[in-house]
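Computed from the coordinates by the stated procedures, all read-outs in this text should not be read as laboratory data. Everything numeric in this text was worked out from a predicted model, so none of it was measured. For neighbour counting, all protein chains shown are included, and Cβ atoms are generated from backbone atoms with ideal geometry for every residue, glycine included.
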Amino acid sequence: MFAIETKGLTKYYGKSRGIIDISFQIKEGEIFGFIGPNGSGKSTTIRLLLSLLFPSSGAGKIFNYDIVKDGPKIKQMVGFVPSEVNYYEKMTVKELLEYSARFYKVTLNHHYNRLVDALDLDLTRKIDDLSMGNKKKVAVIQSLIHKPRLLILDEPTSGLDPLIQNRFFEILKEENEKGVTIFFSSHVLSEVEKLCHRVAIIKEGRIVNEDNISSLKEKLLYRVTYQLRNETKDVPLQTQGIISTEKSKNVTTFLYQGKMTALLKDLSQLPIEKITITEPDLEEVFMHYYQDDSRKEVN
Amino acid sequence: MSFNLLIKELRSNLKGTIIISLLVILYIVSTLGIYSVMQENMTKISDLYSTMPEFLMEALNFRLNQWNSVLGFYITYFVYYVPLIVGCYSIFLGTKLLSKEEQNKTAEFLLTRPVSREQIISSKLITLFIHVLGINIIAFLAGLFSCGIVSDWDFNIKNLTVLHTYGFLMCFFFGVLGFFITVLMKRAKAIIGIGIGIVMGTYFFDMTIRISDKFQFLLYFTPFKYMDFGVLSKVYGFEAWRLLVFIGASGLLIMFSYVFYRKKDILI
C-alpha cells in the first residue's frame with residue numbers, strides 16, 4: 001500500500017491551469033520532496049490531496065482511501081503544515097491547540113509538551129500577536145499532536161529562524177524513524193536535498209522529473225561569482241559544466257553544474273581576490289535546466 | 001455535526017447576538033412604554049394622523065382603529081423589531097458563518113481536520129438556529145412582559161406567541177438564505193449590504209403590495225406576505241400553508257446548501 005498515490009490528477013480553475021496529469025507514488029516511511037517555483041502547482045496538488053479542492057479529472061489515494069470520498073478518514077491520519085499560517089486570531093496558542101486536538105479526540109500529553117519545549121513556544125500568547133515564525137511553530141505542533149501517519153508540509157520552513165529550522169528537521173527525522181511518511185513541498189533545493197529520499201520537480205503544473213535525491217544532486221546548479229585581482233587578465237576555465245557566463249570588468253559570474261572539486265581545482269589556478277558560490281533560485285535553475293524539457297514527464 | 005465546532009461557533013458569535021438582543025429589548029420596552037401615554041390622548045393622536053395620506057398610513061401599517069388594544073398597537077411596530085432588525089442580523093449571521101472562515105483563510109485549518117463538510121454545514125446551521133431562536137425568545141419575552149405590564153395582562157397571549165413564532169420562522173428563513181448565498185459564492189464574503197438590501201427590499205415589496213393592486217405579483221418575492229399580522233382576529237392561529245411556506249423554503253435552501261458545499265472548491 002502506498003502512503004500517497006495519484007493518477008493523472010488534473011485541476012483547472014475555469015480555463016486557467018492548476019495542475020495537469022500529476023502521477024506519483026510515495027511509499028510508507030518515505031520522505032518525498034516536491035519542488036517547483038512559485039505558481040508551479042505545488043499548493044494546488046496539496047489542496048487536492050486534502051480535499052480542499054476537487055479534481056477536474058484523475059484520482060488520488062492516501063493510504064488507499066479516495067481523496068474525494070474519504071476526506072475525514074484521511075485527515076484523521078494526516079498532519080498538515082500550510083505555507084501561510086492563518087488561524088483564529090482571537091484564540092491563544094493553547095486554545096487553538098486544544099481546539100485542534102478535540103477534532104482528533106486526543107488529549108495534550110507529554111508528546112505535546114515535548115514539542116512545545118523543542119520549538120520554544122509561548123502558549124499564553126494570542127495568535128494575532130505572533131510573528132510569522134511563531135505561527136509556523138504552532139502549525140508544526142498542531143500537525144503532530146495526533147501522531148499522524150503522514151505529514152504534508154507546504155513550504156514549512158518559511159519564517160523559521162535557522163536554529164528552529166534545525167530543530168524542526170530533527171523532529172521530522174525522528175518522526176520519520178517512527179515510520180511517519182513525509183510529503184515535503186518546497187522551493188528551496190538545499191532543504192529538500194538535506195531531508196528527502198526522493199523528489200519530484202513540478203513546473204507549470206506538470207511533473208518534469210522524478211528522481212532519487214543522489215541523482216538530483218548531480219544535476220544541481222550553482223551560481224559562482226569571482227573577482228580577480230586588479231590588472232589581472234582572466235583566463236577561461238577548462239572545467240566542463242559551466243554555463244551562462246557573464247563578465248563585468250574583473251568580476252565573472254556563471255552557473256555551474258557538476259562536481260565541485262573539479263571546479264575548485266580549476267579556480268585555484270586563477271589569482272582570485274574574492275569568490276562566492278551560492279544556490280541560484282529555483283526559477284533560474286528551471287530556466288536553464290528545464291527550458292527545453294518543460295513538457296517532458298519522467299516517471 | 002461536530003460538537004467541538006458547534007461550541008466554538010456558538011461562543012464566537014455570542015457578542016453580536018447579545019447586542020442585537022439588547023437593542024430589541026430596548027426598542028420593545030421603549031415603544032410599549034409610551035403606549036399608555038398614547039392611549040390617554042388617543043383622540044389627539046387620531047386627529048394628528050388623520051392628516052396623513054391613507055396610502056402612507058397603510059404602507060406604514062398604521063391602523064389607528066386597532067390601537068385601543070395593546071396587541072393592535074404592538075403589531076404596528078412588531079414588524080420593525082423582529083422581521084426587520086432581527087431579520088437583518090439573521091441574514092448577516094447566515095452569510096458570516098461560512099464566509100468568515102474563507103475570508104480569514106481559517107477554512108484551510110477547519111477543512112484539514114477530520115470533519116466532513118456535512119458536519120461543518122450542520123454545525124454552522126445549528127449555530128444559526130440557536131442564535132436566531134435565542135434572539136426571538138428574548139424578543140417574545142420582552143414583548144410578553146411589556147404588553148402584560150401596560151395592559152394589566154389583558155390580551156391574548158396565544159396570539160402573541162403565534163405572531164412571534166411566525167417572526168422566528170421568517171428570521172430563520174433570512175438566515176438560511178444568507179447561508180445559501182455564501183455557499184454559492186466562489187469566494188464567500190460577508191454580504192452585509194446585500195443582506196440588509198434583501199430584507200429591506202422584500203419589506204418594501206410588501207408595502208407596495210399593500211398600497212397598490214397593480215403589484216400583486218410581488219407577493220411571490222417577499223416572505224412578509226406569508227406572515228399573518230391579524231393578531232386581533234378571533235380565529236388567529238397557525239395556518240398550515242404559511243408554516244409550510246417558511247419551513248419548506250428554509251428546508252430547500254438547507255438541502256441545496258449541503259448539496260453545493262459538498263463539492264465546493266475552497267479557494268484561499
Original post:
Taking region A:1-80, which trypsin sites (Lys or Arg not before Pro) meet the DSSP loop condition and have no more than 11 other C-beta atoms within 10 Å?
Top reply: A:K15, A:K69
Original post:
Where both partners of a DSSP beta bridge lie in the protein assembly as shown, what percent of those bridges are antiparallel, to the nearest 5?
Top reply: 70
Original post:
Within straight cross-link reach of A:K274, meaning Cα distance under 29 Å, which lysines are found once same-chain residues fewer than 8 apart are removed?
Top reply: A:K194, A:K217, A:K219, A:K233, A:K247, A:K249, A:K259, A:K265
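I need the GluC sites (Glu not before Pro) found in region A:1-45, filtered to DSSP loop residues with at most 15 other beta carbons within 10 Å of theirs.
The qualifying sites are A:E28.
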**OP:** Calculate one ³J(HN,Hα) per residue across region B:244-250 by plugging θ = phi - 60° into the Karplus curve 6.51 cos²θ - 1.76 cosθ + 1.60, and present them in order as whole Hz with x for glycine and proline.
**Re:** 4, 4, 5, 5, x, 5, 5
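Only bridges with both residues in region A:2-217 count here: give the DSSP antiparallel percent, nearest 5.
If I count the DSSP bridges inside region A:2-217, around 55 percent turn out antiparallel.
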Original post:
Please state the Cα pair-distance histogram of chain A with 5 angstrom bins from zero: what percent is in each bin?
Top reply: 1, 5, 11, 14, 15, 14, 12, 10, 7, 5, 4, 2, 1, 0, 0
Original post:
Taking each residue of B:223-235 in turn, how many C-beta atoms of other protein chains fall within 10 Å of its C-beta, and what is the average?
Top reply: 0
Original post:
Which ³J(HN,Hα) values, rounded to whole Hz and listed in residue order, are derived for region B:2-16 from phi using the Karplus coefficients 6.51, -1.76 and 1.60 in 6.51 cos²θ - 1.76 cosθ + 1.60 with θ = phi - 60°, glycine and proline given as x?
Top reply: 9, 4, 4, 5, 4, 4, 5, 5, 4, 5, 6, 9, 5, 4, x
**OP:** Let me have the relative contact order for chain B, percent, based on Cα pairs under 8 Å that are six or more residues apart.
**Re:** 29
**OP:** Calculate the mean, over all residues of peptide B:111-121, of how many other protein chain Cβ atoms lie within 10 angstrom of the residue's Cβ.
**Re:** 6
Original post:
Mean 1/r over all different Cα pairs, inverted: what Kirkwood radius does the protein assembly as shown give, in Å?
Top reply: 28.3
**OP:** Take each of the peptides A:205-211, A:126-132, average the number of other beta-carbon atoms within 10 Å over its residues, and list them starting from the highest.
**Re:** A:205-211, A:126-132
**OP:** Convert each backbone phi in region A:172-187 into a coupling constant with the Karplus relation 6.51 cos²θ - 1.76 cosθ + 1.60 (shift: θ = phi - 60°), then list the ³J(HN,Hα) values in order as whole Hz, x for Gly and Pro.
**Re:** 4, 5, 4, 4, 5, 5, 7, x, 6, 7, 10, 9, 10, 9, 7, 10
Original post:
Across peptide A:67-78, what mean number of C-beta atoms from other chains lies inside 10 Å of a residue's C-beta?
Top reply: 3
Original post:
For region A:1-77, what is the relative contact order in percent, using Cα pairs closer than 8 Å and at least 6 residues apart in sequence?
Top reply: 36
Subject >> Helix-only [θ]222 nm of chain B, DSSP H runs n ≥ 4, -39500 (n - 2.57) each, per residue, nearest 500 >> reply: -23000 deg cm²/dmol
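How about region B:1-101: which chymotrypsin sites (Phe, Trp or Tyr not before Pro) there are in a DSSP loop, with at most 12 other Cβ atoms within 10 Å of their Cβ? Don't skip to the end; give the middle numbers.
Working: sites: B:F3, B:Y27, B:Y35, B:Y49, B:F55, B:F62, B:W67, B:F73, B:Y74, B:Y77, B:F78, B:Y80, B:Y81, B:Y89, B:F92; in loops: B:F62, B:W67.
Listed in order of number, the matching sites amount to none.
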Original post:
Hey, in the GNM for chain B with a 10 angstrom Cα cutoff, which one of B:G195, B:G72, B:G33 fluctuates hardest?
Top reply: B:G33
Original post:
Please state the relative contact order of chain A as a whole percent: Cα pairs under 8 Å, 6+ residues apart?
Top reply: 20
Original post:
Can you list the aspartates and glutamates whose alpha carbon sits under 12 Å from that of B:K158, skipping same-chain ones fewer than 8 residues off?
Top reply: none
Subject >> Straight-distance crosslink candidates among aspartates and glutamates, where the alpha carbon sits under 14 Å from A:K7 and sequence neighbours closer than 8 are dropped >> reply: A:D21, A:D66, A:E297
Original post:
When the helices in chain A are scored as -39500 (n - 2.57) per DSSP H run of 4 or longer and the sum is shared across all residues, what 222 nm value do you end up with, to the nearest 500 deg cm²/dmol?
Top reply: -9000 deg cm²/dmol
